[in-house]
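The values are calculated or read from the model by the stated rules, or taken from the named source; none is laboratory data. This structure is a prediction, so every number in the text was calculated from the model and none was measured. Cβ coordinates were reconstructed from backbone atoms using ideal geometry, including for glycine residues, and neighbour counts include every protein chain displayed. In case anyone asks, the SASA skips ligands and DNA or RNA and just uses the protein heavy atoms, side chains included. Shrake-Rupley method; radii C 1.70, N 1.55, O 1.52, S 1.80 Å.
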Amino acid sequence: MITVGKCALDGFGRRARRMPPLSCNTWFRWVGTACLALALAGCAAPGDDAKQKSLAYPPPPEKARYYYERTLTGSNDVVQETATDRLRRFATGESSRGKGFAKPFEIVAHEGRVFVSDTVNRRVAVLDFPRKRYYEIGTEGIGRLAKPLGIAVDGGGRIYVCDGTARRVQVYDLDGNYIKTIGSGEVLQRPSGLAVNVDGTRIYVVDTGGVRSEEHVVRVFDQTGAYKLKFGARGGKDGEFNLPLNVAVAPDGSVYVVDTGNFRIQHFSAEGKFLNKFGAAGRRPGQFSHPKGISIDRDGNVFVSDTGFANFQIFDKKGQLLLFVGERSGTGGPGEYLLPAGISVDVDGRIYMIDQFFRKVDVFRPATLPEGTPIGRPPLPETPSTPATVKRVGAG
């Protein structure tokens, strides 16, 4: 039986909540108010935050498989704000998100480091939770990015970023230092998504194509950057694509491609041989409206974000629907979206999903992961697994 999360496929509105603006009559009164607010900040009652964090998927009375945990909007989610920083914000009106996302596109969570490609800011923003730091990739020098889209990380910690404008893939180390370039405008036409296997020997780049192009394909490069092969062609038959957008590598080395224009996910061997497919155009659970992002967990479960439905759906490796999470909203509260994009599952099972319109990343914690577990820490081997209806997730 299909388990359904808190979601409406055709969308609906929600309550809007806004904080009243601050005001004061004199400078001294303003400073006194600000200082009092700073002193009491750590003592505030949880209020609505506690209710938001109790959001469960599926909702009661069914057994929860995931909980909404938090929303990320920028550098201040990882870098601890000091009293001086808060006072400066009161004085200048600076955003509480610090360096926020302008137009986030893709996301990869790797052992607590969260990489977000930002097409407008032309950078990859990195929220490094284990080290409590924020840094950026691709902002200068030979590794400078023009339009960062897809992101991937291999087992050695190398970061691969697809540059849609420059029509190439830039490779960096885990700290953002440029290593090399893969591909060029002579080979890649409209690169968008990419994935890499664990040892970095196969880099899969989705060449989306267009109305006048027959090159709706996935191109494969090796670790040296040599172009090895391509698979796919424009069309609707098995193994063909219509405006593909993204790709992910499963633990067994096989490949899943988001075939957006054909409203489906296609499954291939590592060499590009067609294996299976699932999904179709429609409004029912397990179908798609505009599939966009994809991630695979350590058990082989497939997570697909859908811009049309404003949610993400979870499938097992055979394409059977396990759960869907999210709902359409014009205000963007927890689990509410207008333009979902990239999605990623980290080693600890947490799910990260981008909404481009609200410039946010929502984080969901698996019910098997105790509340308060540090971000990016793998579960212990002896930890009991989640029942098969929705398996506990891990590294993709």
Scan the range 108-124 and give yes if some residue there is hydroxyl-bearing (S, T, Y) and either under 26 Å from L229 (Cα atoms) or touching a helix residue (DSSP H, G or I) at 6+ places or on another chain (Cβ under 8 Å) (or both), otherwise no.
no
Which members of the range 96-115 meet the condition of being under 14 Å from the mean Cα position of the chain (by Cα) and assigned to a strand (DSSP E or B)?
P104, F105, E106, I107, V108, A109, H110, R113, V114, F115
Looking at L243, is it assigned to a strand (DSSP E or B) and surrounded by fewer than 23 Cβ atoms within 10 Å (Cβ to Cβ)?
no
For F12, state whether it is modelled with pLDDT of 75 or more and among the aromatic types (F, W, Y).
no
Of those in the range 310-333 that are within 17 Å of the chain's Cα centre (by Cα), part of a strand (DSSP E or B) and among the aliphatic types (A, V, I, L, M), the residue farthest from V345 (Cα to Cα) is V325
Considering the range 87-131 alone, what residues qualify as being of a type in the set (F, W, Y) and open to solvent by 30 Å² or more (accessible area, probe 1.4 Å)?
F90, F105
Of all residues making up the range 132-150, the number that are open to solvent by less than 10 Å² (accessible area, probe 1.4 Å), free of Cβ contacts under 8 Å to residues at least 60 places away in the same chain and either in a strand (DSSP E or B) or of a type in the set (A, V, I, L, M) (or both):
3
Would you mind stating whether G164 is within 19 Å of L245 (Cβ to Cβ), in contact (Cβ under 8 Å) with a residue 60 or more places away in the chain and of a type outside the set (D, E, K, R)?
no
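Which ranges mark the strands (runs of 3 or more DSSP E) fully within the range 159-210 that have 1 or more residues being open to solvent by less than 20 Å² (accessible area, probe 1.4 Å) and under 15 Å from K147 (Cβ atoms)?
Once the strands (runs of 3 or more DSSP E) in the range 159-210 are filtered for at least 1 residues that are open to solvent by less than 20 Å² (accessible area, probe 1.4 Å) and under 15 Å from K147 (Cβ atoms), what remains is 159-163, 168-172, 191-196, 203-207.
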Just one of (1) farther than 22 Å from I179 by Cβ; (2) over 27 Å from the mean Cα position of the chain (by Cα); (3) outside any loop (DSSP other than H, G, I, E, B); (4) not aliphatic (A, V, I, L, M) trips up K228, so point out which.
(1)
